[in-house]
1. Can you go through Thr224, Thr166 and tell me which one is open to solvent by less than 50 Å² (accessible area, probe 1.4 Å), on the phi < 0 side of the Ramachandran plot and at pLDDT below 95?
2. In this structure, is Phe72 at pLDDT 95 or above and either outside the structural domain of Val157 (by TED's automatic domain parsing) or touching a Lys or Arg at 6+ places or on another chain (Cβ under 9 Å) (or both)?
3. Of the residues that sit in the stretch 1-11 and are under 23 Å from the mean Cα position of the chain (by Cα) and in a helix (DSSP H, G or I), which one is surrounded by the fewest Cβ atoms within 10 Å (Cβ to Cβ)?
4. Hey, could you check the stretch 63-105 for residues that are assigned to a strand (DSSP E or B) and within 21 Å of Gly206 (Cα to Cα) and say which is farthest from the ligand (Cβ to nearest atom)?
5. Restrict the check to the stretch 121-129 and report whether at least one residue is assigned to a helix (DSSP H, G or I), surrounded by fewer than 24 Cβ atoms within 10 Å (Cβ to Cβ) and within 16 Å of the ligand (Cβ to nearest atom).
6. Within the stretch 187-238, track down each residue that is assigned to a loop (DSSP other than H, G, I, E, B), away from the ligand (no atom under 16 Å from the Cβ) and closer than 12 Å to Gln74 by Cβ.
7. Pick out the one residue from Ala14, Ala25 that is within 16 Å of the ligand (Cβ to nearest atom), of a type in the set (Gly, Ala, Ser) and either open to solvent by less than 20 Å² (accessible area, probe 1.4 Å) or not in a loop (DSSP other than H, G, I, E, B) (or both).
8. Out of Leu202, Leu231, Leu240, I need the residue that is open to solvent by 10 Å² or more (accessible area, probe 1.4 Å) and more than 21 Å from Leu173 (Cα to Cα). Which one?
Amino acid sequence: MKTNVLNFSGGPGALPISVLEKTQAALESVDDTGVSLLGMSHRSDWYQELNAKAQSNLRELLDIPNDYEVLFLQGGGSLQFAMMAMNFLKSSHQTAQYIVSGYWSAKAPLEAMAQGQVEVIWSGESEGYRRLPTMDDLKNRVDPRAAYLHYVSNETVEGLAFSNDTTPQAQTLICDMSSDLLSKPIEVERYAMIYAHAQKNLGPAGVTVVIIQRALLERAQPHTPPILNYLAHSNANSILNTPPVFSIYVLKLVTDWLIQDIGGLSKMAVINQAKANCLYQAFTEREDFYKIHAKPPHRSLMNIAFSMKSVEQERSFLQLSKQQGFLGLEGHRSIGGLRASLYNAVSLEACEELARFILDFQSV
Ligand SMILES: Cc1ncc(COP(=O)(O)O)c(C=O)c1O
């Protein structure tokens, strides 16, 4: 189990050990039904209850207002890039606005271009995605007539994150929170739609959570094929076709863990801040040796992308860290280097262990 404890992968991320154990038991028989989780019908009463409980756990944790629906969809974060444009941009005669602040937010407008008019109102590409836009950068660029403004709250690859104060404002704000949803409290009311694939802080890959305001749901273009239509999924209570029962079950266990073991998202946020502080502190103490990709104050609490003076040093860091049980410290293929991802299930103790390794590491 040591490798699970020291899994710093960018995603799929570590899950709580207690959740892994319960999932293992459910593979044989779930909740004393005598039926394996993998053979459980999505038309059963048991699944109806699971669907409702997973939704109510999310509502409780995120304090989701009543005029928002919670949907469980498939196709990952990437399908959302296309789906939002199919539902809210196509045939609208409006423009969809995008903030491009890293690898993942750059993908979203590419999918939307096939559906309608797209405008990138700010891009950090020329600066190597090392910072996020300030309020001044966005001034007078956000169009209240736009179909929506899309941005990514936490850039998983580059390790950049918007704070409460720098969150963009727009009439119809859509946010990809794939790598930081459930890591801290958020103000859902600021958004028309929030989405996140599960495989960072929510559970395993296979389910994507969409939190959508009813007023936006009503705008879903009727010509969108039902299987890609938010309103059709909402009308079917996310059982339009066979849902990913396994992933939703694990999501429910993870949200139980957040509520019962952690004590909610404010407590989770305090732990996540302490985890990130301990690692940033270690990097700062050896800044002659390590270079953090993102500039302060835009540094993420979930992902720290960093590099060393040479590829050889990085290779030796990876090799030695693996020998000591650390997993998933390779950087994303698009920027190379190294990355430590500190999702919810990575403990403060694991971060302290990695910080010690970072401080002690001597390259060959
Ligand atoms: C912020 C963000 N958005 C979208 C994606 C793409 O998600 P998926 O692989 O589920 O399509 C990722 C992948 O890691 C991501 O980190």
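The values are calculated or read from the model by the stated rules, or taken from the named source; none is laboratory data. In this text, all values refer to a predicted model and were calculated from it rather than measured experimentally. Here Cβ is always computed from backbone atoms with ideal geometry, including for glycine, and neighbour counts include all displayed protein chains. In case anyone asks, the SASA skips ligands and DNA or RNA and just uses the protein heavy atoms, side chains included. Shrake-Rupley method; radii C 1.70, N 1.55, O 1.52, S 1.80 Å.
1. Thr166
2. On the way: at pLDDT 95 or above: yes; either outside the structural domain of Val157 (by TED's automatic domain parsing) or touching a Lys or Arg at 6+ places or on another chain (Cβ under 9 Å) (or both): no.
No; evaluated as a whole, the condition is false for this residue.
3. Thr3
4. Our first condition is that a residue be assigned to a strand (DSSP E or B); within the stretch 63-105, this holds for 68-73, 95-100.
Subsequent filtering for residues that are within 21 Å of Gly206 (Cα to Cα) retains 69-73.
Numbers: Glu69: 21, Val70: 18, Leu71: 15, Phe72: 14, Leu73: 11 Å.
Looking at residues that are assigned to a strand (DSSP E or B) and within 21 Å of Gly206 (Cα to Cα), I get Glu69.
5. Within the stretch 121-129 (the criterion being assigned to a helix (DSSP H, G or I), surrounded by fewer than 24 Cβ atoms within 10 Å (Cβ to Cβ) and within 16 Å of the ligand (Cβ to nearest atom)), the answer is no, since none of the residues qualifies.
6. Passing the criteria: only Ser238.
7. Values: Ala25 fails: within 16 Å of the ligand (Cβ to nearest atom).
Step by step, each of Ala14, Ala25 is checked, and only Ala14 is within 16 Å of the ligand (Cβ to nearest atom), of a type in the set (Gly, Ala, Ser) and either open to solvent by less than 20 Å² (accessible area, probe 1.4 Å) or not in a loop (DSSP other than H, G, I, E, B) (or both).
8. Leu240
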